[in-house]
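Chemist: Attaching a single structure in structure tokens format; questions to follow.
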């Protein structure tokens, strides 16, 4: 694994899309799109949100500020992670914790997998979900507690 790899949660992707800051964020991190990993569900989430906005069923006022066409095009250019390619035991255990949703369990499982494949890997997770971070603190698994230090 060369350089840093950034595992990006859908919530932070959405926040960056609202302000059109994805590429600027990568520049700030001195990273390229090839170093970004997103959830395979991102496209479907944004397409669903866009459909709700078009049908005037959007619950979040911020949705109207997202350029959905551009965001979906961006998503199609990024490497995607799915549940099929994670350590299933770890994914299932993380999914049991209140406050950790499936997408977050997938992200953490991919981060841990990358670290186990290359202990010197420079991997980081970008999230804007405080509820998830509070739940993650309660996970009493050494591979999580040790592996994720300074990676958010």
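Chemist: For the range 75-87, which residues satisfy the criterion of being touching a helix residue (DSSP H, G or I) at 6+ places or on another chain (Cβ under 9 Å) and under 21 Å from residue 104 (Cβ atoms)? Spell out how you get there, then give the answer.
Modeler: Our first condition is that a residue be touching a helix residue (DSSP H, G or I) at 6+ places or on another chain (Cβ under 9 Å); within the range 75-87, this holds for 75-83, 85-87.
75, 78, 79, 80, 81, 82, 83, 85, 86, 87 - these are the residues of the range 75-87 that are touching a helix residue (DSSP H, G or I) at 6+ places or on another chain (Cβ under 9 Å) and under 21 Å from residue 104 (Cβ atoms).
Chemist: How many residues does the range 30-73 contain that are more than 26 Å from residue 122 (Cβ to Cβ) and in contact with a strand residue (DSSP E or B) (Cβ under 9 Å, 6 or more places away or on another chain)?
Modeler: Looking only at that region, the number is 2.
Chemist: Right, next: Would you mind telling me which numbered condition in (1) within 18 Å of residue 103 (Cβ to Cβ); (2) free of Cβ contacts under 8 Å to residues at least 60 places away in the same chain; (3) touching a helix residue (DSSP H, G or I) at 6+ places or on another chain (Cβ under 6 Å) residue 47 fails?
Modeler: (3)
Chemist: Shifting gears a bit: Looking only at the range 97-108, which residues are in a helix (DSSP H, G or I) and crowded, with 19+ Cβ neighbours inside 10 Å?
Modeler: Pass one, the range 97-108, residues in a helix (DSSP H, G or I): 102-108.
Residues satisfying the conditions are 103, 104, 105, 106, 107, 108.
Chemist: Taking the criterion of being farther than 20 Å from residue 114 by Cβ, in contact with a helix residue (DSSP H, G or I) (Cβ under 6 Å, 6 or more places away or on another chain) and without any contact (Cβ under 8 Å) to a residue 12 or more places away in the chain, would at least one residue in the range 53-74 satisfy it?
Modeler: Yes.
Chemist: Can you list the strands (runs of 3 or more DSSP E) lying wholly within the range 1-96 that have 3 or more residues being crowded, with 18+ Cβ neighbours inside 10 Å? Spell out how you get there, then give the answer.
Modeler: Values: elements: 4-8, 36-39, 79-81.
The qualifying strands (runs of 3 or more DSSP E) are 4-8, 36-39.
Chemist: What's the total number of residues in the range 114-136 that are modelled with pLDDT of 90 or more, surrounded by fewer than 19 Cβ atoms within 10 Å (Cβ to Cβ), part of a helix (DSSP H, G or I) and in contact with a helix residue (DSSP H, G or I) (Cβ under 9 Å, 6 or more places away or on another chain)?
Modeler: Summing the residues that are modelled with pLDDT of 90 or more, surrounded by fewer than 19 Cβ atoms within 10 Å (Cβ to Cβ), part of a helix (DSSP H, G or I) and in contact with a helix residue (DSSP H, G or I) (Cβ under 9 Å, 6 or more places away or on another chain) in the range 114-136 gives 1.
Chemist: Let me spell it out: the conditions are (1) touching a residue at least 40 places away in the same chain (Cβ under 8 Å); (2) within 16 Å of the chain's Cα centre (by Cα); (3) within 18 Å of residue 151 (Cα to Cα), and residue 15 meets all of them except one. Which number is the exception?
Modeler: Unmet condition: (3).
Chemist: State all residues of the range 137-150 that are at pLDDT 85 or above and either more than 19 Å from residue 5 (Cβ to Cβ) or part of a loop (DSSP other than H, G, I, E, B) (or both); if no residue qualifies, say none.
Modeler: 137, 138, 139, 140, 141, 142
The values are calculated or read from the model by the stated rules, or taken from the named source; none is laboratory data. Small disclaimer: the values here were computed from a predicted structure and weren't measured. Positions of Cβ are generated from backbone atoms using ideal geometry, with glycine treated the same way; all protein chains shown enter the neighbour counts.
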